[in-house]
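Everything below concerns the one structure shown next.
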Amino acid sequence: MRRVWLLALRDLRLEVRDRAGLLSLLAFLGVTLFVMALALGPEEALLRRAAPGVLWVALAFLSTLLSSRAFALEVEEGTLEDLLLAPGGKEWVYFGKLLFQMLLLLPLALLALLLAAGLFYLPLEKGLPLFLTLALGTLGYASVATFYAGLLARLRGREALLPLLLFSLVVPVVLASVRATAGLLEGLPLEEVASWWQLLLVFDAVYVTASALLFPLIMEG
């Protein structure tokens, strides 16, 4: 756990220090939401119906970019092999990279929700349930994105290959997140939304466990 936290905090410190990378993520998020709101037009009812899908598409692409950056710096600096040479299992590298992404994704997801609320006329009365949906959805997506980013870290053209491999596997997570978010924004009872949370929990547990078990094998190969 100490290694996991040290790796995550080191990556977070480097990301914050490199303001260009963080600003590019913020710009991407803002531009994506603004362009989609502009393309859908001024009709309030249409914007509200489209908001959950637009929000999660933006978060999905944001997580993809962030996971690619998490390993790109290690490859550029030649430090990935140093991490793998540390004694013991290699699972801690996976969990450190995943924790780093979650520490950035959750604040960015909250910011995206606030931007979407302003652009798409979304009510935010159910703040805590919405935050729970964001946490479960981003964890499921980031767990697979981290695994594939590590798998492709040493390959050329990894930025193009990562979305192709990733999106087909995380479709259930994105769909469940969209449905849960839409249900909350439509004012459905929490009991009806809970089934989508349970589905997200199952996917999160399966994806995180499988990725952690397979990560040492693909990195050593």
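The values are calculated or read from the model by the stated rules, or taken from the named source; none is laboratory data. Remember, predicted model here, so these are calculated numbers, not experimental data. Cβ sites come from the backbone with ideal geometry, for glycine too, and all protein chains shown count toward neighbours. Heads up: the accessible areas ignore ligands, DNA and RNA and are worked out on the full protein's heavy atoms, side chains in. Shrake-Rupley method; radii C 1.70, N 1.55, O 1.52, S 1.80 Å.
Observations on the model:
- Per-residue accessible area (protein heavy atoms, 1.4 Å probe) orders Lys126, Lys90, Lys97 as Lys126, Lys90, Lys97, starting from the largest.
- Net charge dipole, the range 1-128: roughly 280 debye, given to the nearest 20, about the Cα centre with Cβ charges of +1 for Lys and Arg and -1 for Asp and Glu.
- Solvent-accessible area per residue, Å², over the range 9-136 with all protein chains present [probe radius 1.4 Å]: 48
- Solvent exposure of the range 160-210 as accessible area per residue, Å², 1.4 Å probe: 52
- For Trp5, Trp196, the ranking by accessible surface with the largest value first comes to Trp5, Trp196, using a 1.4 Å probe.
- Surface calculation, 1.4 Å probe, protein heavy atoms: Ser24 sits at approximately 60 Å² accessible.
- For the range 64-182, the direction-averaged projected area of the alpha-carbon convex hull comes to 8.4 nm².
- Positive end of the dipole of the chain (Cβ unit charges, origin at the Cα centre): among Leu106, Ala51, Gly137, the Cα lying farthest that way belongs to Leu106.
- Here the range 55-95 is described by how far its Cα atoms reach on the three principal axes: 41, 22, 5 Å, from widest to narrowest.
- Accessible-area composition of the chain, carbon plus sulfur, in percent [1.4 Å probe]: 70
- Mean separation of Cα contacts under 8 Å, 6 or more apart, over the residue count of the chain: relative contact order %: 27
- Neighbour count of at most 11 Cβ within 10 Å plus DSSP loop: longest GluC sites (Glu not before Pro)-free window in the chain: 126-221
- Within the chain: Cβ-based charge dipole about Cα centre, in debye rounded to nearest 20 (Lys, Arg +1; Asp, Glu -1): 260
- Here the alpha carbons of the range 170-221 define both size measures, Rg and Dmax, at 14.9, 49 Å.
- Translational diffusion of the chain, µm² s⁻¹ [Kirkwood Rh, Cα pairs; Stokes-Einstein; 10 °C; 1.306 mPa s]: 88
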